[in-house]
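Student: Pasting a structure below so you can have a look.
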């Protein structure tokens, strides 16, 4: 007998069972290990896929400019794709490595956000870092006191540089571009020095990029025809509600009538929201609720009722309550301004409030914040008509239904609201549709106002108020810089608001001297 | 001659007992490792004969070495043992008692395999290990079974040659015959498994072979378990019913059995056999002898050793017994079997009271009783009855300490409360070792073969 061999049949059996037990234990250990690995992978994937984290900025200005309001998951582009679009489509980006070609602003002093423009925030969705708009994209602009100066970025002023139409049209355009296929994109991503792991590559190939493309194609189909129908908005302008109708609502409101189809208007400034509470907000004054107006604007930026980050929006809203505009740097003759102030108080203050002698704007006026009927104000009806009763019905029934954020205050108005004029010097071009380049022009009878002018400059016109906006020929060569805005196109009309136009030239000069101080 | 039915002779077809009391099969490890019996066994059996029983059924006597339940029990597997058995028979006969050899084969129910059997699984009807202790076994082939049938026949022949009075086939209590008979154990797919007739084939073949070998006139009785109650381990099958056993009893009679000895249970020990207590504190100090016998040995030892675990085993064990009396525990089943056959029926199961035995005999429920423990406690139980006592002054308590000491200690009554002292108890237990003759000096060199 072999030394150590079992002596009895029972010992043989027990030894056999011990051997089996070893195998069983080994198998169990193996199963447990495999299960742990699977668990690790699944948990890792689950954590990653459910990670909706977004950077938090304690400073409200930083939060406004770079914090997410929840637009990314539903509307955004993966960051890695965002970063290589300029490489993939250099012609659209004018050969620049950034998004300045579309008028996006970069806060180069901010190392954390250096590679994303102001108004573009990041948030993780399904494990992918996605970037898209926040409030600042439409509400941060620049000015220069002279053409040689560095632009000064002003949070809260209209985004006078941003060519949203151009940017959206670009995205719709590339939806079916071969360069947006998986391979070119992944190649560009890796060429840009961004790493993609094996699993990430599989995920991007099969999920991320197809979804991006799907989303862009969807918008191409829905939004493309609308944009094609509309005149280009030009920098600093957006059609607030019509894209909503065709993209966000399910089912969409289609087709749009001729009257409602062109609703482009200027980005508004969003200074000092506190005193505006209860006024008729939006250009057409269709909602008196700051919160609803804010949420509606956030929808325009791309949030959905599912992805919206209410807390982030409310942080912005709170900050805006008291955000003052920078005071006007334009110095005018005091005596003239006093004279102008008297004229203003007679002709304008009831509707637009006034600038007190201490230089602060006063939200006081009998008609301030009220809607002026279109037959009296007489300005271009495009924006007013784009907000239709049918759309309002859908807003109230569909959006945030069943939540505390359910829209309740939207109304259909018959005109445009009398807005406060705080920060007026940063809000050119003027009228709701930005059809009048300067304050001086606004005081001219409509037929004397510029027919076409260049938008998109941020050099303050210290004489006429607003930004330098040289005349241009829409039918001729496009200007080397900026966008030639043609007031003869639908929605672009510069008619109406004839207040002050009957004043004498001297009176207008005086009034201008006062207005330039707003 | 007394009118007491207990003391009326019992005439089997070819054997007559002087009374209706048999010493049932019980033994200790008195014998030699090679299976040869010893003076101690003669002493053991003789004291019951002297105590007045009409007959003695030997302890379990294997017909082959591979069928021992406990190494150290006498076997009858060799012709050269015939003189030894003759001596035993003569010693018993000297007291007017008859001696019936219980021919046996353990099958898988092998408590202490010893050096002869420890190296191999035991032949059985099945290859499924025994359920309680995990004794290993293997299903015998048909040829092996036929050889074993002949081994039984040869053993019966040896018994007759030794002048003994008959043989009993131990087809009860879980040993090899039960392993074939029981539907809870027999999982064979051949002629020896499946239907009751097939499961009984081995037993009936043995009866036939014995009859063929020893003729019609040598007493042959069969011990059967009336009901298997095989489900001590709750998920085991229940095994044979009383109806099954009635049928087997009829077949045995037809095959040539002269009497039936009715017990119960398809394992030994069993909650119903021997009925009584099961002091686990005794097992805690004796079961260690069996730890290496089965694959569940150590588990069981732990259950016995640690008081906190004992309730588990107690529950398993006693849930089958319920509130049945220890005495005459299988009488009803024996009566049913007796009604089905025309040969005498012996009942076993805790008999100790004269009135109980007398009543059963007078009603014709049974023809005789076989008693083990009560006779171990009072070898002269029969004489107490004869003296008119219902029970001896110090009756068996059914404590089963005799049973639980069996794997490790000499057989005897270990119920100290029955003795005046521990010394008296030991004296009584050791009394069987008193030799009755001179020890022989082994021959020198090759002087004798």
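Read-outs throughout are calculated quantities, based only on the coordinates presented, and are distinct from any laboratory measurement. None of the values given here were measured: they were computed from a predicted structure. So basically every Cβ, Gly included, is an ideal-geometry build from the backbone, and we count neighbours across all protein chains shown.
Student: Please give, to one decimal in nm, the separation of the simple spin-label points placed at residue A:291 and residue A:259, each 7 Å out from Cα toward the Cβ.
Tutor: Placing both labels 7 Å along Cα→Cβ, they lie 3.3 nm apart.
Student: Which three numbers, in whole Å and largest first, are the semi-axes of the equivalent ellipsoid of the stretch A:92-203 derived from its Cα gyration tensor as √(5λ)?
Tutor: Details: eigenvalues 172, 54, 38 Å².
Each semi-axis is the square root of five times an eigenvalue, giving 29, 16, 14 Å.
Student: Could you line up A:363, A:64 from fewest to most neighbouring Cβ atoms inside 10 Å? Could you put the intermediate results ahead of the total?
Tutor: On the way: A:363 17, A:64 26.
Ordered by Cβ neighbours within 10 Å, fewest first: A:363, A:64.
Student: Once the Cα gyration tensor of the stretch A:143-191 is diagonalised, what are the square roots of 5 times its eigenvalues, in whole Å and ordered largest first, as equivalent ellipsoid semi-axes?
Tutor: Three semi-axes, in Å: 35, 15, 9.
Student: Looking only at Cα atoms, what is the convex hull volume of chain A per residue, in Å³? Before the final figure, lay out the partial values.
Tutor: Details: hull volume 101.3 nm³, N = 518.
Per residue, the Cα convex hull of chain A comes to 196 Å³.
Student: Along each of its three principal axes, how wide is the spread of alpha-carbon positions in the stretch B:208-328, in whole angstrom units, largest first?
Tutor: That gives 55, 31, 27 Å along the principal axes, largest extent first.
Student: Taking the number of other C-beta atoms within 10 Å as the exposure measure, put B:325, B:80 in order starting with the fewest.
Tutor: In order of increasing Cβ crowding within 10 Å: B:80, B:325.
Student: Once the Cβ-Cβ distance between residue A:405 and residue A:100 is put in as r, and R0 is 45 Å, what FRET efficiency do you end up with, to the nearest 0.05?
Tutor: 0.80
Student: Rounded to two decimal places and with Rh computed the Kirkwood way over Cα pairs, what is Rg over Rh for the stretch B:281-381?
Tutor: 1.12
Student: At a threshold of 8 angstrom on Cα-Cα distance, excluding pairs fewer than six apart, so keeping six or more, what relative contact order does chain A reach in percent?
Tutor: Values: 961 pairs, mean separation 78.4, N = 518.
Once normalised by length, the contact order is 15 percent.
Student: Helix A:334-347: angle to the longest alpha-carbon principal axis of chain A, degrees 0 to 90, nearest 10?
Tutor: Tilt relative to chain A: about 80 degrees.
Student: A further question follows. Just rank B:323, A:422, fewest to most, by other beta-carbon atoms within 10 angstrom.
Tutor: Listed from fewest to most nearby Cβ atoms, that is B:323, A:422.
Student: While we're looking at this one, here's another question. Where Rh is the Kirkwood radius over the Cα pairs of the stretch A:1-50, the temperature 37 °C and the viscosity 0.692 mPa s, what D in µm²/s does Stokes-Einstein return? Provide the component values of the computation, followed by the final result.
Tutor: On the way: Rh = 13.7 Å.
Approximately 239 µm²/s, per Stokes-Einstein.
Student: Separate question: Would you mind estimating how fast the stretch A:162-299 diffuses translationally, via Stokes-Einstein at 4 °C and 1.567 mPa s with the Kirkwood radius over Cα pairs, in µm²/s?
Tutor: For these conditions, the coefficient is 73 µm²/s.
Student: When the scattering of the stretch B:35-100 is computed by the Debye formula from its Cα atoms alone, each counted once and equally, what is log10 I(q)/I(0) at q = 0.19, 0.25, 0.28 Å⁻¹?
Tutor: Rounded to two decimals, the profile gives -0.68, -1.06, -1.22.
Student: Hey, got the Cα dimensions of chain B along the principal axes, in Å, largest first?
Tutor: 60, 54, 53
Student: As a test of the definition: which semi-axes, in Å, follow for the stretch A:1-109 when you take the square root of five times each eigenvalue of its alpha carbon gyration tensor? Largest first, please.
Tutor: The equivalent ellipsoid of the stretch A:1-109 has semi-axes of 66, 18, 11 Å.
Student: Also: In Å, what is the Rg of the alpha-carbon atoms in the stretch A:49-91, and how long is Dmax?
Tutor: 13.2, 38
Student: What do you get for Rg/Rh of the stretch A:363-427 when both radii come from the Cα atoms and Rh is the Kirkwood radius?
Tutor: Answer for the stretch A:363-427: 1.07.
Student: So, one more: In Å and whole numbers, how far do the C-alpha atoms of the protein assembly as shown stretch along each principal axis, longest first?
Tutor: Per principal axis, max minus min of the Cα coordinates gives 162, 59, 52 Å.
Student: Please report the projected area of the stretch A:301-373's Cα convex hull averaged over all directions, in nm².
Tutor: 7.9 nm²
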